[in-house]
């Protein structure tokens, strides 16, 4: 038995041997472009809402609905996208989020009336909700011991997208109007489709579905591109090394290895697996972590998107339907673009501190020390933001959501894995 184990290796062991090379760099850029597209579609709502209200003379409630339907769609898309990409693969999940977001986002530019715009923005939300497959696909192709630091690096693409959207809106809105902004903001999705053929299916996903031969082909391709060699032996699932220990598995183990459940009962569908995992979150062992993480994530995103999307109202507090044309043309409206840029640039020092803390041995120390140093580092950067410093202070804690990932609580990681399943 020991000799058999010595001649086998798992996908995580293979990826650790291959390291971070040209293949992972290509993956980072291509999939990172997807997060740029997501950020642009979300951030454009700060600019489109006021213009739609002025052109179609809708009420403030109807203006807010243009944004709200996107988040409703994201809620549904996240659930469907996670189950779908687990069952059909990361590639199909990627194609779903890219095609749905890109096509519906582009069609929004040709909306003849308010009702059609609301419908199309809801479809955009469905695509955006499934975009969590992008970081999942990337992280499944890097070594396990470096996933924390590379997730921090991956999150920088979202910040880049918000910055690009603010600059694009500043250039387009005063001259061409909101329809052009909607159309141009969908371009990254179509650019992403051009390069999608470069990326193979996740080897970890293939191995978890029992397709070890396909996973081996992907790993061999990664080895060639990175100019590295695979470990000696035969690729195997991690389950085969621990199958003797699966008897009497706990709820935590079931959450940790959902692919194992599939192998134990081949007749169990992915839908049933998802229901079982959801029920497990409410078990005695996990209910506390489940509620705490849901509360934290709700609070973070409620605060962040609430502040960012409120910038348009704060920046144009004195506007009225009678004094504003079909799109923003008054010089004073440049305050909106400046304020959005300030809140976006406030992300950069936060992301750098996250990457530094994960890349060094510092992340192995107590999490409270980590957070204290992180806050101190950010505080040193705040005086550099002369205008909009209040936006920076309000935004930074919300954009620190990635700091939740290095949780030292094993159960929390299991709950978090379910919440971001894809």
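Shown is the FRET efficiency for residue 234 and residue 16, computed with R0 = 22 Å from the Cβ-Cβ distance and rounded to the nearest 0.05: 0.85. Would any residue of the stretch 37-70 have its amide N under 16 Å from a label point 7 Å out along Cα→Cβ of residue 113? List them or say none. Inside the label zone: 56-59. At the listed q of 0.26 Å⁻¹, the Debye profile of the stretch 126-185, built from one uniform point per Cα, gives log10 I(q)/I(0) equal to -1.02.
Annotation: the residues 157, 71, sorted from fewest to most other C-beta atoms within 10 Å of their own C-beta, follow the order 71, 157. Neighbour counts of other Cβ atoms within 10 Å put 214, 86 in the fewest-to-most order 214, 86. In plain terms, if you count all Cα to Cα distances in the stretch 69-110 and split them into 10 Å steps from zero, the share in each step is 27, 52, 19, 2 percent.
The Stokes-Einstein estimate for the stretch 1-115, based on a Kirkwood radius over Cα pairs and taken at 10 °C with 1.306 mPa s viscosity, is a diffusion coefficient of 89 µm²/s. The stretch 1-66 gives an Rg/Rh value of 1.48, both radii derived from C-alpha positions and Rh following Kirkwood.
Size descriptors for the stretch 195-240 (Cα atoms only): Rg and Dmax, in that order, 11.1, 35 Å.
Computed from the coordinates by the stated procedures, all read-outs in this text should not be read as laboratory data. This structure is a prediction, so every number in the text was calculated from the model and none was measured. A quick note on method: Cβ atoms are made from the backbone with ideal geometry, for glycine too, and the neighbour counts reach across all protein chains shown.
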